[in-house]
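The values are calculated or read from the model by the stated rules, or taken from the named source; none is laboratory data. Computed from a predicted structure; not experimentally measured. No Cβ is skipped: glycine too gets one built from the backbone with ideal geometry, and neighbour counts run over all protein chains shown. These accessible areas exclude ligands, DNA and RNA; they are computed on the full protein's heavy atoms, side chains included. Shrake-Rupley method; radii C 1.70, N 1.55, O 1.52, S 1.80 Å.
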Amino acid sequence: MSLQKLVSISSMAIAICVSQSAYAQTVASDADATGESQSGVVETEQAAAPDRPAEADVGDIVVTANKQSQSLQRTPVAITAIAGSQLVERGITDLRAVQAFVPSVRFQKQSIVTEIYIRGVGATQDHAQFDPPTSIYFNGIYMPREVAGAPFYDIQQVEVLPGPQGTLYGRSSLGGVVTVNFNRPTQKDETGFIVEAGNYSLFHLSAMQNVSVSDTLAIRGAFDFDRHNGYLKSGSENKEDWSGRLSLLYTPTDSVSAYLWGMVGDTHAKGTNAVAVGIHPDGTIDPGTFLQSDPWNDLLPPSVLAQSPFGQPAAQPMSYKNRIIGGEITIGLNDNLTLTYIPSYLKFYSSSSFALSGLPNIQRINFEQTTHELRLSGKSGWGNWLIGAYGYYMTSSGQMYVGSYDTSGIPVTLVDRNRLKGAAVFGQGTVDISDSLRLTVGARYGADDRTGRGPDSGGPGLAPYSFSKSYHRFDYKVGLDYDVLPHMMVYAAVQTGYQPGTYNTFASTPTISNEVNPAKLTAYTAGFKSRMFDGMLQVNSEFFYYDYRGLFVAAYNAFLSQTQTFNADKTAIYGDQTDVVFKPSSTDQLTLSLGYLHARYKRFTLPDGSADFDGYQLQFAPDWTVSGGYSHDFDLSKGYVRANVSGRYESRFYADYAHTPGALQKAYLKADASLTYYDNDERWSLGLWIKNITNKAVIAAAGAGSSFPANPNAATAFLEDPRTYGMRATLKF
């Protein structure tokens with residue numbers, strides 16, 4: 001089937017039918033596994049306290065990442081879900097901080113961007129022509145990676161779904177997806193505030209107003225402002241961000257609803273400088289060291305400063321503008337059939353100037369995107385199903401220059417226009433073979449088309465170039481799940497995913513092509529979900545094996561000021577994720593997540609044959625990850641106090657595919673804590689929180705080599721946040 005036909009089918013169907021781990025919201029019983037809407041099944045309130053069950057019971061958790069409302073314990077896949085109330089309680093305001101709760105993931109900063117690695121699958125390059133192999137969705141709508149750094153406020157739930165999701169999500173989800181669901185308007189008149197203050201002159205204000213206009217119409221507005229001084233010595237990596245969201249929910253009948261929302265966000269802060277790591281000022285390589293005794297001191301020592309013609313790194317301007325419009329129209333055709341349409345429009349621009357181990361740099365990127373998804377879901381006596389059509393159109397452009405904080409520097413990447421469009425049809429169904437055995441089968445056929453072109457004139461290696469390629473892909477899923485006991489399910493599945501090909505920003509020659517081939521991943525998973533001791537203990541575990549072909553290996557070399565992407569012929573990833581929740585009483589809860597990840601290149605040789613990396617560990621893929629937490633409620637005569645402590649351990653890993661010595665991150669342990677008082681009716685709370693208690697410096701996105709001092713065996717890295725702490729007050733009425 002041609003791309004044109006798929007586009008036509010999607011457009012016709014749309015035209016015809018248009019006339020949110022165990023921290024999530026607790027519900028009374030398992031939700032029906034019917035094709036409910038992607039967002040807004042479970043209602044939560046801003047600044048509400050986490051649920052306090054009267055008994056020692058873990059409770060049931062509703063998740064929607066599979067595009068249907070299901071109990072987490074009835075969903076045969078390893079999903080981690082975190083409720084918005086828990087994000088507030090622990091001072092988490094963006095995706096990067098969610099990393100502490102999910103095993104075998106890295107949600108890490110790359111200047112203005114947040115990179116998403118799930119079970120070793122991810123990408124470092126942030127250029128207009130690259131789509132990451134993991135994806136993030138807001139209210140069921142695909143977001144470019146640059147939008148992943150958007151602030152979290154008035155959030156219902158965040159879910160992390162690992163593994164290829166080619167059937168339901170399509171392109172660029174072969175490593176997994178992160179879904180973020182916003183709180184929807186409700187039939188309550190309510191107002192909520194969150195105010196925080198902390199070190200680095202932190203001031204954070206989040207406000208929400210919900211208005212019930214009538215029995216059929218509700219409107220909700222939310223606003224967020226966040227500012228703090230720079231984490232780095234130069235003053236860079238400060239924050240002065242604001243974002244607003246307006247949504248309405250119209251329900252003219254019990255079977256029809258229209259949810260529409262718009263979101264804007266701006267920042268006028270300073271860019272984030274990257275520092276030289278794994279090297280001493282005299283040029284000696286020593287993994288885990290920094291040029292300064294304070295890792296967050298991005299200024300060059302005198303001996304290194306003497307080598308630089310650019311002077312000391314300074315805090316440079318950063319601009320970010322984000323505009324999103326989305327919706328979800330749901331029509332219940334009858335008691336068993338639901339039609340859902342999800343449209344969206346997005347426009348994004350960012351410009352960020354920063355220093356890469358003392359080397360000035362500027363990067364600009366633009367995105368514009370429209371998406372449409374239409375699906376019909378149903379349930380019957382034999383099970384449940386959904387079918388759908390999806391179409392999208394995205395354009396982007398971007399530039400990266402080094403040697404200057406403006407465009408007078410040397411161009412590294414110039415993309416005048418990158419266009420990616422596509423369409424797909426998909427379906428998935430679950431058949432109840434018996435009362436205890438179920439079979440799930442899914443399929444998706446999609447077509448994607450990419451074109452790109454470079455500058456009319458450029459610097460060395462940046463001669464004019466062009467690219468055009470179409471891709472067709474069939475993905476599938478087959479799974480079985482079986483109830484061994486009333487509260488224990490075992491499951492197994494095989495599923496696939498793919499990532500469309502792209503290009504490097506240089507002209508092809510008769511011997512060297514600028515093409516980067518598509519990537520494909522086949523995953524085999526088997527696991528169990530169990531609950532025992534009258535619901536006090538929950539143990540879920542999943543084993544996985546990934547056969548990964550054509551992995552995009554992308555890295556920026558700060559020493560050479562070069563960027564290029566290759567395909568690794570074959571990569572094997574296997575491991576296990578085990579999640580444990582123990583609630584011995586109504587006031588105590590212990591959580592533990594253990595991730596083992598063996599991610600290695602099996603066949604990977606550079607295109608020129610100069611080096612091979614067979615057996616190398618994938619970048620940002622530590623073998624072991626352990627996350628744990630304990631919370632206790634102290635009951636008072638009026639209200640209660642909740643104490644939380646949590647920690648995360650990661651074994652050593654490298655930040656680049658070639659295992660540059662300076663890019664080694666040694667094993668580390670970080671810990672967070674919070675203490676929050678809630679009044680009896682939970683209308684207000686007052687809390688304290690602290691993150692990275694030991695002030696541990698951990699590298700985030702990184703590139704091989706350093707600029708000053710110039711050494712190819714060092715690395716240049718952004719750093720995770722230093723120790724931060726603050727006080728938070730919430731109020732709702």
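Here are a few things to note about the model shown:
- Which numbered condition Phe718 misses (of (1) in contact with a Ser or Thr (Cβ under 7 Å, 6 or more places away or on another chain); (2) at pLDDT below 95; (3) not acidic (Asp, Glu)): (2)
- Sole residue being closer than 15 Å to Gln86 by Cβ and open to solvent by 10 Å² or more (accessible area, probe 1.4 Å), chosen from Ala643, Ala658: Ala643
- Taking the criterion of being outside any strand (DSSP E or B) and farther than 30 Å from Thr578 by Cβ, the residues of segment 614-644 that qualify are Leu636, Ser637, Lys638, Gly639.
- In segment 273-286, residue farthest from Gly705 (Cα to Cα) [restricted to those that are out of contact with any helix residue (DSSP H, G or I) (no Cβ under 6 Å at 6 or more places or on another chain) and open to solvent by 30 Å² or more (accessible area, probe 1.4 Å)]: Asp282
- Any hit, segment 411-419, residues being modelled with pLDDT of 95 or more, of a type outside the set (Asp, Glu), open to solvent by less than 40 Å² (accessible area, probe 1.4 Å) and more than 17 Å from Tyr503 (Cα to Cα): no
- Flag if Ala269 is open to solvent by less than 20 Å² (accessible area, probe 1.4 Å) and not acidic (Asp, Glu): yes
- Residues of segment 83-98 that are crowded, with 24+ Cβ neighbours inside 10 Å and closer than 15 Å to Val178 by Cα: Ala83, Gly84.
- Checklist (1) under 18 Å from Glu146 (Cα atoms); (2) surrounded by fewer than 17 Cβ atoms within 10 Å (Cβ to Cβ); (3) in contact with a Ser or Thr (Cβ under 6 Å, 6 or more places away or on another chain) applied to Pro252, failing item: (1)
- Apart from one condition, Ser585 fits all of (1) under 30 Å from Tyr678 (Cα atoms); (2) out of contact with any Phe, Trp or Tyr (no Cβ under 6 Å at 6 or more places or on another chain); (3) open to solvent by less than 20 Å² (accessible area, probe 1.4 Å); the exception is (3).
- Inter-residue pairs, beta-carbon under 7 Å, first over 20 Å from Thr64 (Cβ atoms) and in segment 380-392, second charged (D, E, K, R), 6+ apart: Trp382/Asp432; Tyr392/Lys421
- Any hit, segment 526-536, residues being crowded, with 21+ Cβ neighbours inside 10 Å, small (Gly, Ala, Ser) and farther than 17 Å from Gly122 by Cα: yes
- Considering segment 218-264, the residues that are closer than 30 Å to Leu333 by Cα and either aromatic (Phe, Trp, Tyr) or not in a strand (DSSP E or B) (or both) include one that is nearest to the chain's Cα centre (by Cα), namely Trp261.
- Scanning segment 609-640 for residues that are more than 18 Å from Ala554 (Cα to Cα), open to solvent by less than 30 Å² (accessible area, probe 1.4 Å) and either more than 28 Å from the chain's Cα centre (by Cα) or among the polar types (S, T, N, Q) (or both) yields Thr625, Ser627, Ser631, Asp633, Gly639, Tyr640.
- Residue identified as surrounded by fewer than 16 Cβ atoms within 10 Å (Cβ to Cβ) and in contact with a Gly (Cβ under 8 Å, 6 or more places away or on another chain) among Leu590, Leu606: Leu590
- Those residues of segment 300-321 which are over 31 Å from the mean Cα position of the chain (by Cα) and either under 30 Å from Asn183 (Cβ atoms) or open to solvent by 50 Å² or more (accessible area, probe 1.4 Å) (or both), in sequence order: Pro302, Ser303, Leu305, Ala306, Gln307, Pro309, Phe310, Gln312
- Some residue of segment 256-266 being open to solvent by less than 30 Å² (accessible area, probe 1.4 Å) and either among the acidic types (Asp, Glu) or in contact with a His (Cβ under 8 Å, 6 or more places away or on another chain) (or both): yes
- Residue match in segment 390-401 (condition: in contact with a Leu (Cβ under 7 Å, 6 or more places away or on another chain) and surrounded by 17 or more Cβ atoms within 10 Å (Cβ to Cβ)): yes
Yes/no per residue for (1) in a loop (DSSP other than H, G, I, E, B); (2) buried (at least 24 other Cβ atoms within 10 Å of the Cβ); (3) of a type outside the set (Asp, Glu):
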position: Leu168; (1), (2), (3): yes, yes, yes
position: Gln187; (1), (2), (3): yes, no, yes
position: Thr191; (1), (2), (3): no, no, yes
position: Val195; (1), (2), (3): no, no, yes
position: Val211; (1), (2), (3): no, no, yes
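- Which listed residue, of Ile329, Ile365, Ile324, is open to solvent by 10 Å² or more (accessible area, probe 1.4 Å), in a strand (DSSP E or B) and touching a strand residue (DSSP E or B) at 6+ places or on another chain (Cβ under 7 Å): Ile329
- Criterion: hydrophobic (A, V, I, L, M, F, W, C), more than 27 Å from Asn504 (Cβ to Cβ), within 26 Å of the chain's Cα centre (by Cα) and not in a loop (DSSP other than H, G, I, E, B) - qualifying residue of Ala389, Ala355: Ala389
- When segment 698-719 is limited to residues that are crowded, with 20+ Cβ neighbours inside 10 Å and outside any strand (DSSP E or B), the one that is nearest to the chain's Cα centre (by Cα) turns out to be Ser707.
- Test set (1) open to solvent by 20 Å² or more (accessible area, probe 1.4 Å); (2) within 24 Å of Glu720 (Cβ to Cβ); (3) at pLDDT 95 or above - Ala663 fails condition number: (1)
- Checked against (1) under 30 Å from Ala611 (Cα atoms); (2) buried (at least 16 other Cβ atoms within 10 Å of the Cβ), Trp689 meets all criteria but (1).
- Residues that are assigned to a loop (DSSP other than H, G, I, E, B), of a type outside the set (S, T, N, Q) and either touching a strand residue (DSSP E or B) at 6+ places or on another chain (Cβ under 8 Å) or under 25 Å from Glu542 (Cα atoms) (or both), drawn from segment 69-120: Pro76, Val77, Ala78, Ile79, Arg90, Gly91, Asp94, Val102, Pro103, Ile112, Arg119, Gly120
- Enumeration of residues in segment 332-352 that are closer than 20 Å to Asn384 by Cα and either open to solvent by less than 10 Å² (accessible area, probe 1.4 Å) or assigned to a strand (DSSP E or B) (or both): Gly332, Leu337, Thr338, Leu339, Thr340, Tyr341
- Every condition in (1) at pLDDT 95 or above; (2) open to solvent by 20 Å² or more (accessible area, probe 1.4 Å); (3) farther than 30 Å from Pro343 by Cα holds for His228 except the one numbered (2).
- Restricting segment 397-410 to residues that are of a type in the set (Ser, Thr, Tyr) and in a strand (DSSP E or B), the residue that is modelled with the lowest pLDDT is Tyr401.
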